[in-house]
1. Under a point-charge model restricted to the Cβ atoms of Lys and Arg (+1) and Asp and Glu (-1), what is the dipole moment magnitude of segment 462-620 relative to its Cα centre, in debye to the nearest 20?
2. Compute the Rg/Rh shape ratio of segment 295-377: radius of gyration over Kirkwood radius, all on alpha-carbon atoms.
3. Scan around residue 405 for amide H atoms under 5 Å from its own, H built in the peptide plane at 1.01 Å from N, and keep only partners 5 or more places away or cross-chain.
4. Kindly list the residues of segment 126-165 that lie in the label zone of residue 212, defined by a backbone N under 20 Å from the point 7 Å along the Cα-to-C-beta vector.
5. Compute the length gained on full extension between residue 261 and residue 565: take 0.36 nm times their separation in residues and subtract their Cα-Cα distance, giving the result in nm to one decimal.
6. At 222 nm, what helix-only mean residue ellipticity would the chain give, in deg cm²/dmol to the nearest 500, using -39500 (n - 2.57) for each DSSP H run of four or more?
7. Find the eigenvalues of the gyration tensor of the Cα atoms of segment 350-604, then list the square roots of 5 times those eigenvalues as equivalent ellipsoid semi-axes, largest first, in whole angstrom.
8. Quick one: Karplus J couplings for segment 109-117, per residue in order, coefficients 6.51, -1.76, 1.60, θ = phi - 60°, nearest Hz, x for Gly and Pro?
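Laboratory data are not the source of any read-out in this text; all were calculated from the coordinates shown. Treat the numbers as computed from the prediction; the structure is a model and nothing was measured. Here the Cβ is made from the backbone with ideal geometry for all residues, glycine too, and neighbour counts use every protein chain on show.
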Amino acid sequence: MNHRLLLSVITASVIASATASLLAGCGKGTKDQGSTTNTTTDPKVAESGAAPATKPDGTPAKPDVAPVKAAARGPEHAVYSLVDNRLSAHLTRGGGLLVPAGSAGFAKYIRFANVSKGGKKAWELRQKEGDVPVARLAGKSASVFVPLTAAQAGRNTLRMRLFAKEAGTMSLRVNENKDVNTAVEQGWSTIEVAIPEGQIKEGENAFQFFMKSSGNAVAWLQIGAKAPVADDGATAFYDAAQKAVLVPKEGQLSWFVMMPDKAKLTADLADGSCQVAVLATAEDGATVEGKLVGIGSAVDLAALSGKATRLDLETSGCAQAAVANAALVVPGEAPQVAQRGEAPKYVLFIIMDSLRADRVKPFNPKARPEAPTFEKLAESSSLFLQHYVQGNESQVSHASMWTSMYLAKHKALKMGDKLPERYVTIDDVAKKAGMFVAGVSANGYIRPARGFGTSWDKYVNHIESKMGLKGVDIIEKGMSFITPKKDQPWFLYLGMIDTHVTWRAKQPWMDKYDGGYKGRFQDSFGDDGPGGFAKDLTDREKDHVRALYDSNVSYQDDLLGKLIEKLQAWGIWDQTMLIITAAHGDAQWEDGRVGHAGSQKQTLIHVPLLVRYPPMFPAAKIESGTEGIDITPTLADALGVAIDPEWQGMSLVGLANGTVGYPLLASSSQYENFHGGRIGHWKIRLAGSGTPQLYNLAKDSGEKKDLWGTPGSGIAARLLLDPMWQLRNWNAEWKKSQWGNAAVVSSRFAADLGE
């Protein structure tokens, strides 16, 4: 089997896994909203398993009542599997939130600071105390952060199953209120704490525990319940034999999802006596209710398309429902990557450093800079509209693109850090494809001596070599490398910095954007003076600086057009794969700051990604999260080069061709101190263990109004918190080719974590 065919098979397998895995508080629960009783009366239901009847060999027993089978609905395919994404599920038992601390899913309830700089995780996950799965306190204090409904917030109790190293007192602090103290026995005990009225609230809540000694372990927490669970906690939520999530009577499972267009929720219930009530509550308060019964029934959720949604599942008619094949499905057969043309013979990889997505017309129609080349390219290219870089400055971002690794894995964040030669970088991919490999950069960081490639046939860094830094200088040098090789396969990287400070006026665009200005920044603005950026600019001066930047956007676009004309004249344009992106953006006083590396705002981490190669990338605008770490695997896929097992990104060939039907998470890191994440129109900014910030980009593209903690924001908060903290907990190990995207994981994710 040749490399290209082998890679196609691998890619199809990965897409099937990570897309079908794409299968599978803050809203109101199905019954838990008022005086409705949710008390567990059957002691068997309160026990952790109450698993469906099974034969001695562990296989499911025949149900007492045969299930009905739903009528055929026509072709449909799964885009989000509730079963595969079971570690994202929230459990309700006895009316209260039940947190199985021993599950890997506990990750979504914790926070921690930068562990690479000495930050400590307060919890050790996936531990055992004897035979009991637990989370262990690393020190004497730890916190959990949980979403509660209004009804749960009104019940002022917390119960926990605790293994204490020694007897003493535990203090509980709720949402920074006055501590509540309770006695703790040595060994195992179930503790119930009465919390003063008003301390718990609807939405996100922080519970901080203070212990006498370190190393104590928690099996489960139950918060805001009407009826207590037994000591074993009723924590079971998955049956491996049936590959089904478990929903006991008077209990619930809840997921927070971004509802796909025209979606239905479907599932199989092998026990005909079981019914599962479904309540879907959207970010705007809209609801849809329905029931799942028998085999293949569905609840139509199309009315909630494009909205962050809480899905609640609740059982009736049987002691416990085993819900198999539970998934969000959309109409039509699962898309397949179209018959792919030949691999590109030539690859042009351009990084326009500091190019913000919102200043390029195809990515923002309201952008001021003239960009006719970009606009023309958009007619025949795949545009990835929600693309995030993994760092908010050059070093981290380039390192992540080159290696297909998050910062948590490659760890190269300082000028003195060098990427190890063992990493398979983007130049290695081109070399393995048999190409002549050349690169030119005006970014001082990007040098082979610093680990940015060992497979270059020709490479020059213009800052290092004291050469011209304008875009025209970079392109001329790059063309001088490949012109003698133009008839053989080549890969050319061009690192342009015209949109990177210092911004210098480019004509004729400067006269168009602000020709009447006369002042101290008439020709340039940057941070290269003795005091860095000039301070105390007037609004008029700031407007002029923005015009300086925009003139460089147009200048680079003009150079790009001339470069394409050259490739067309050579007769090779149709065989050339063009990739254009940026390493980061730049703030221009949107929040009082200018430059980069200072925040996780859109202005710094949201950049363009354009891929043009029609045989593999159709003309399309893809509104799903992508990341800089995806570029190198995408190139490998296109060239027929094997995917390196250490890469953390994914090929975008499938996404460009519509094989992924659920919106993916895009994430970014600011030196691991701060993180940003986006799904659809919702964005979250994390500050280690501090309070997050939440924004609705559809209504607030400038991130001016933090919605964290506001009424109705809880569903969107959990939509992002759950995948972001799962990703953060396993950031260094995460590989999208195996686990999928954190927003919609593959079947391997929970299985690899032992669940």
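1. Details: 19 positive and 22 negative charges, 49 e Å.
Charge dipole of segment 462-620: 240 debye, to the nearest 20.
2. 1.19
3. 648
4. Answer for this model: 136-142, 160-165.
5. Contour length minus Cα-Cα distance gives 105.4 nm.
6. Computed mean residue ellipticity for the chain: -5500 deg cm²/dmol.
7. Calculated on Cα positions only, the semi-axes equal 29, 22, 17 Å.
8. Running phi through 6.51 cos²θ - 1.76 cosθ + 1.60 with θ = phi - 60° gives 9, 10, 9, 7, 8, 5, 6, 6, 10 Hz.
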